[in-house]
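Participant: Attaching a single structure in structure tokens format; questions to follow.
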Amino acid sequence: MSLTHHARTLLRLETHAPEETKAFGRAFADQLQPGAVVALFGDLGAGKTHLVKGICRALGVAEAEVNSPTFTLINEYSGAPFPIYHFDAYRIKHADEFYEMGYEDYFYGDGLCLIEWPARIAPLLPDETLVLYIEHISEQVRRIRLMQPDDN
């Protein structure tokens with residue numbers, strides 16, 4: 001999957017505090033269905049996990065239960081109407097490692113997949129993956145862009 005080519009911007013906005021990033025996540029959750037895969041791009045500290053906290057909270061998961069799965073690779077959250085799988089591919093060196101953990105069961109199943117550091121597993125992402133870029137603009141300001149692959 002090409003994550004930058006043949007994509008169109010669906011939404012672009014700025015947040016000015018972590019709470020605003022979480023609020024965007026709560027609003028964005030209304031658009032997510034079981035089976036959706038969301039790739040979250042952004043530098044360290046950009047707000048990817050804050051966004052996931054907002055999504056999960058909107059779907060019924062206590063915010064305190066949500067944290068970055070950097071060392072476990074995946075966190076599964078219950079309490080939502082469908083499973084939520086929160087991946088962190090930062091420590092993945094080759095996409096084959098992700099393949100070996102049975103990623104297909106997650107990506108093509110009945111849950112919602114939220115993936116931090118998705119560039120490391122880009123070849124495995126479904127074509128219809130929603131892509132969110134979170135950029136540092138300043139210490140407090142983040143620019144969020146929601147992208148969707150074109151049908152080309």
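The values are calculated or read from the model by the stated rules, or taken from the named source; none is laboratory data. Everything quoted here is computed from the prediction, not taken from an experiment. In this analysis, Cβ positions are derived from the backbone assuming ideal geometry, glycine residues included, and neighbour counts consider all displayed protein chains.
Participant: Which of the numbered conditions does V66 fail, given that it passes all the others? Conditions: (1) surrounded by fewer than 18 Cβ atoms within 10 Å (Cβ to Cβ); (2) more than 16 Å from A122 (Cβ to Cβ).
Facilitator: So the condition that V66 fails would be (1).
Participant: Go through the stretch 22-47 and report how many residues are modelled with pLDDT under 95 and crowded, with 23+ Cβ neighbours inside 10 Å.
Facilitator: The total comes to 1.
Participant: Can you name every residue in the stretch 86-105 that is of a type outside the set (A, V, I, L, M) and under 19 Å from L51 (Cβ atoms)?
Facilitator: Hits for the stretch 86-105 are H86, F87, D88, Y90.
Participant: Filter the stretch 135-152 for residues that are of a type in the set (V, I, T) and buried (at least 21 other Cβ atoms within 10 Å of the Cβ) and give the result.
Facilitator: I144
Participant: Shifting gears a bit: Looking at (1) crowded, with 20+ Cβ neighbours inside 10 Å; (2) under 11 Å from the mean Cα position of the chain (by Cα), which is the only condition T15 fails?
Facilitator: (2)
Condition check ((1) farther than 27 Å from T15 by Cα; (2) part of a loop (DSSP other than H, G, I, E, B); (3) of a type in the set (D, E, K, R)) across all residues:
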residue	(1), (2), (3)
V52	no, no, no
R57	no, no, yes
N67	no, yes, no
T70	no, yes, no
P81	yes, yes, no
R91	yes, yes, yes
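Participant: If a residue must be in contact with a Phe, Trp or Tyr (Cβ under 8 Å, 6 or more places away or on another chain), in contact (Cβ under 8 Å) with a residue 40 or more places away in the chain and surrounded by fewer than 16 Cβ atoms within 10 Å (Cβ to Cβ), how many such residues does the stretch 89-125 contain?
Facilitator: 2
Participant: Just wondering, is there one or more residues in the stretch 49-63 that are over 11 Å from E116 (Cα atoms) and β-branched (V, I, T)?
Facilitator: yes
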